[in-house]
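The values are calculated or read from the model by the stated rules, or taken from the named source; none is laboratory data. Computed from a predicted model, the values in this text were never measured in an experiment. Don't worry about glycine lacking a Cβ; one is built from the backbone with ideal geometry, like all the others, and counts go over all protein chains shown. Accessible surface is based on the protein model in full, side chains and every heavy atom, while ligands, DNA and RNA are left aside. Shrake-Rupley method; radii C 1.70, N 1.55, O 1.52, S 1.80 Å.
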Amino acid sequence: MSTLLQLRPGKFSLFQVVLPGRPEETSGVMVWDEESGEATLRFRRDFHLIASEDDLEVMVEIERDLEQKIQEMQLDQFLSWAQDTLSNSLLFSDPEPVSIDTLDRTLTRLYRKYVPAHIQRYETHLPRIALAAAAGSWGDAMSPESVAEEAEEWLEVPEDLHVDDQMFIAQVTGRSMEPEIPDGSLCVFRYQPAGSRDGRKVLVENYSDASQRYTVKRYTSAKEYDEDGRVVGRKVRLEPLNPEFQPWELDESEDVRILAEFIRVLD
């Protein structure tokens, strides 16, 4: 069975920035676990679009200072400091309760809900697509423009992910790749991966399985030889990570298509 994360009590606060000539805007969110005292925060990445060069430098320094303090201080010390110190250009809202599964996932949900960041296509945001709607048009003619046309929404990705216009986000259902890829996860893919597929995790379209047409598996391949040692073919095997599921070897009779390479779980 899937491992269910136990919800823990937590709280969150929003950072509001007040820039010259602009109304007060939510600029970031902080969330913390009341039991462990762990905390994390995230700021928007589009200050260069809404702030002057001088204000941008100030906001970058403030963000760095907050991240450093949250690491150095005890949680109660940081909260007291933030409430007493932040004012004028940066405000810290009163804490509100939230249920936490993991800090990072809770932070992502709160960030998407409260922080109105500008969509920067293929810079900070990637298109989320419904696989059933988009996969039928995939092929050699696939392009960033055609993927963008199928987008249900554009989602901001973590800052440490190097984004390019061959990437997209889709939801993966099924437990065959747990625990690395939980059932229902939003995942990042690249639809024109370079090089060999061998050993990579790939997004598969399986026309013979109506209940789970799209799935992720680890792709492995090996050469097949005849009695004289000559290469006569290649055996392709699609492997789950979850030991409860069985791998399968592809043959020419199976209607299976490799659509894209798995990059990482988004949330």
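Charge tally for residue 265 (other residues, Cβ to Cβ under 12 Å; Lys, Arg +1; Asp, Glu -1): -2. Per the Kirkwood formula applied to alpha carbons, region 10-70 shows a radius of gyration over Rh ratio, Rg over Rh, of 1.03. For region 47-89, the carbon plus sulfur part of the accessible surface works out to 43%, probe radius 1.4 Å. Rolling a 1.4 Å probe across all protein chains gives residue 177 an accessible area of roughly 10 Å². Near residue 16, once Lys and Arg are set to +1 and Asp and Glu to -1 for all other residues with Cβ below 9 Å from its Cβ, the sum equals -2.
Label positions at residue 230 and residue 246, each projected 7 Å from the Cα along the C-beta direction, are separated by 3.4 nm. For the chain, the per residue solvent-accessible surface stands at 55 Å², with DNA, RNA and ligands left out and a 1.4 Å probe. Note on region 24-136: semi-axes of the ellipsoid equivalent to its C-alpha gyration tensor, largest first and rounded to whole Å, are 28, 21, 11. A viscosity of 0.890 mPa s and a temperature of 25 °C, combined with the Kirkwood radius over Cα pairs in Stokes-Einstein, give a translational diffusion coefficient for the chain of 115 µm²/s.
Using +1 at the C-beta of Lys and Arg and -1 at the C-beta of Asp and Glu, which of 28, 184, 238 has the Cα lying farthest in the positive direction of the dipole of the chain? Towards the positive end, the residue furthest out is 238. Ranking of 119, 100, 62 by solvent-accessible surface, largest first: 119, 62, 100 (1.4 Å probe, protein heavy atoms only, all chains present).
Each residue was assigned an accessible area with a 1.4 Å probe, and for residue 122 the value is about 50 Å². Pick out, from 130, 120, 154, the residue whose Cα sits farthest towards the positive end of the charge dipole of the chain, with +1 on the Cβ of Lys and Arg and -1 on the Cβ of Asp and Glu. The residue sitting farthest along the positive end of the dipole is 130. For the chain, no complete DSSP H run has alpha carbons reaching 20 Å or more along its own long axis together with a mean Kyte-Doolittle score of 0.0 or higher.
In the complete set of protein chains, residue-level accessible area for residue 201 is approximately 50 Å², probe 1.4 angstrom.
Give me the net charge of residue 82's neighbourhood, meaning all other residues with Cβ under 12 Å from the Cβ of residue 82; Lys, Arg count +1, Asp, Glu -1. Neighbourhood net charge equals -3.
Annotation for residue 265 and residue 186: the two label points, set 7 Å from Cα along the Cα-Cβ direction, are 1.5 nm apart.
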